[in-house]
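One structure is given below, encoded as structure tokens.
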């Protein structure tokens, strides 16, 4: 490990995530979020204009994490076994997942197996135990996220549950083919991904998580970009010390020191429906941004 402490690695192996605090300037987040309101066509100060409680926005601006948040990049490299195993550049974008009031008209319910929406990310590929498409899941906080204000629920004991399920299906699992309602009932440890703007959660790709209510109707802006690996994960490296913490977590979940995994199904990518929706959304956003620029130009001339 070059950046993370042994204690952080131990926490990742036990709970499936680590949290890094204030990893990038709050001013950058403020700039992107301010532009997001224009893209949405909503008034940040007028909740009556918030037509949808949840929006998955397309990305407009991208940044190389190695430059934008170098501490995060260093931690990612530690968790995945080095930069040479990772597809680069590892980019973030302003493709925000916005929660403006999910379930605001209902009483607050804490995280539990009965919470709706538990899932494993990855709607764009067929899932195997060693899938390279998602080496890590990240939650980037572009706004402060507080209790009852839409924090992501995470099941911190779900990595072993998902690992065992994937190991039992070497033929691969479609994104919609996981029995999430059954899997989450094997879990009993739940946390909320709260924090300040600039905080980042680095999570094992198997961790189950879910959106939560925003009964405060406090605007919450996050992104959850995956980290892509150049090659599938390996659980039988000749030198056990070469297993990354992500791979070690899988072996620990299966109760073995090595595992000779061989997929029997064909790896393939999937084009999810959200891509079409986001392309249409981006066209509308570009029109709003153009209109905003025109208004600023007229004001400056006057």
Residue 26/residue 63 FRET efficiency (R0 22 Å; Cβ-Cβ; nearest 0.05):
0.90
Which value in deg cm²/dmol, rounded to the nearest 500, describes the helix-derived mean residue ellipticity at 222 nm for the chain, given -39,500 (n - 2.57) per DSSP H run of n ≥ 4 and division by the residue count?
-9500 deg cm²/dmol
Estimated FRET transfer efficiency when R0 is 30 angstrom, pair residue 38-residue 116 (beta carbons, to 0.05)
0.45
GNM on the chain, Cα springs under 10 Å; top mean-square fluctuation among 247, 168, 285 goes to 168
At R0 = 41 Å, FRET efficiency that the Cβ-Cβ distance of residue 288 and residue 237 yields, to 0.05:
0.25
For residue 88 paired with residue 264, estimate the spin-label separation in nm (one decimal), with each label point 7 Å from Cα along the Cα-to-Cβ line.
3.9
Please find, in a Gaussian network model of the chain (springs between Cα atoms separated by less than 10 Å), the residue of 169, 204, 228 whose mean-square fluctuation is greatest.
169
With springs connecting C-alpha atoms under 10 Å apart, model the chain as a Gaussian network and identify which of 252, 268, 35 has the largest mean-square fluctuation.
268
Rounded, prolate or oblate: which fits segment 181-239 when a ≥ b ≥ c are the square roots of the eigenvalues of the alpha-carbon gyration tensor, with rounded for a/c under 1.5 and prolate only if a/b beats b/c?
oblate
In Å, the Kirkwood hydrodynamic radius from C-alpha pairs for segment 77-127 sits at 15.5
Working from Cα positions, state the angle (0 to 90°, nearest 10) between the long axis of helix 6-15 and the longest principal axis of the chain.
90
Label point 7 Å beyond Cα of residue 45 along Cβ direction - residues of segment 216-245 with amide nitrogen under 18 Å
218-219
For mean projected area of the Cα convex hull in nm² the list reads [x] 16.4; [y] 24.5; [z] 19.2; the calculated value is entry [x]
Cα Rg, Dmax (largest Cα-Cα span) when computed across segment 1-120, Å
17.9, 49
What percent does the relative contact order of the chain come to when contacts are Cα pairs within less than 8 Å and at least six residues apart?
29
Subtracting the Cα-Cα distance from 0.36 nm times the residue separation, let me have the gained length for residue 109 to residue 256 in nm, one decimal.
49.2 nm
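Read-outs: derived from the displayed coordinates by stated rules, not from any lab. Here the structure is a predicted model, which is why all the values come from computation and not from measurement. Backbone-built Cβ (ideal geometry, glycine too); neighbour counts: all protein chains shown.
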